[in-house]
1. Quote the FRET efficiency, to the nearest 0.05, computed for Arg158 versus Val31 with a Förster distance R0 of 45 Å and r equal to the Cβ-Cβ distance.
2. If you put +1 on each Lys and Arg Cβ and -1 on each Asp and Glu Cβ, how big is the dipole of the range 82-155 around its Cα centre, in Debye rounded to 20?
3. For Cα pairs less than 8 Å apart in space and 6+ apart in sequence, what is the mean separation divided by the residue count of the range 10-78, i.e. the relative contact order in percent?
4. Would you kindly give the portion of the calculated P(r) for the range 82-155 that falls above 18 Å, as a percent of all Cα pairs?
5. Just how large is the dipole of the range 10-78 about the Cα centre, in debye to the nearest 20, putting +1 at every Lys and Arg Cβ and -1 at every Asp and Glu Cβ?
6. For the range 10-78, what is Rg from Cα atoms divided by 2.2 N^0.38 Å, rounded to two decimals?
7. Taking K and R as +1 and D and E as -1, what net charge do the other residues with C-beta under 11 Å from the C-beta of Arg95 add up to?
8. Which listed residue (Gly116, Thr137, Gly126) has the Cα farthest towards the positive end of the charge dipole for the range 82-155, taking +1 on Lys and Arg C-beta and -1 on Asp and Glu C-beta about the Cα centre?
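Throughout, read-outs are computed from the coordinates displayed, never taken from laboratory work. Model, not experiment: these values are computed from the prediction. When we count neighbours, we look across all protein chains shown, and the Cβ atoms used for this are built from the backbone with ideal geometry, even at glycine.
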Amino acid sequence: MARENNNRRDRDEDNEFIDRLVHINRVAKTVKGGRNMSFAALVIVGDEKGRVGFGKGKAREVPEAIRKATDEAKKSMIRVPLREGRTLHHDLKGRHGAGKIMMRAAPPGTGVIAGGPMRAVLECLGVQDVVAKSVGTSNPYNMVRATFDALKRAESPRTIAAKRGKKVGDLVARRQDGASAPEALDAAS
């Protein structure tokens, strides 16, 4: 029983986290006396300012499974650097199992162009402009893990400049010069 609920956006007054229920699965365990039913939930939690986490919980009742998943998601949060607080700094690729995803930074006004569980992760993260594509599996667990694999690889120009011993201005200027390099070659010839 797969169900997506994109309208679930609860705010904790003290933490200002939003949580999105991505997937609920009914699990049946066959035992001597019949079947034991339980529910597994996949939840994304984020602060819409660059922090996001996911968790899964399993219990006999749906609300208890969601609570367990939310608690696990809050413990496993990661911080992702965002450009201008709205998009990614660079293109990202992630993979988990058969799930492969690709994300690209987008200009202002593009919106979140992503499907299913990836959309929930990016919205909880606080990304406003991104283009994303999922290839391979549509299993929500693998898609979420592939998305987190990509987000863990995200780096800001500041961290890259620190690693290379350069100034941030050199890297950002080079990015802008690199975009106009083909035009400069045409003008020179």
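1. Working from the Cβ atoms, E equals 0.20.
2. On the way: 11 positive and 6 negative charges, 49 e Å.
Computed about the Cα centre, the dipole is about 240 debye.
3. Across the range 10-78, relative contact order equals 26 percent.
4. On the way: 727 of 2701 pairs.
Tail of P(r) above 18 Å: 27 percent of Cα pairs.
5. Dipole magnitude for the range 10-78 comes out near 720 debye.
6. Taking N as the residue count of the range 10-78, the ratio is 1.27.
7. Details: positive: Lys93, Lys100, Arg145, Arg153; negative: Asp149.
Around Arg95, the charge tally is +3.
8. Thr137
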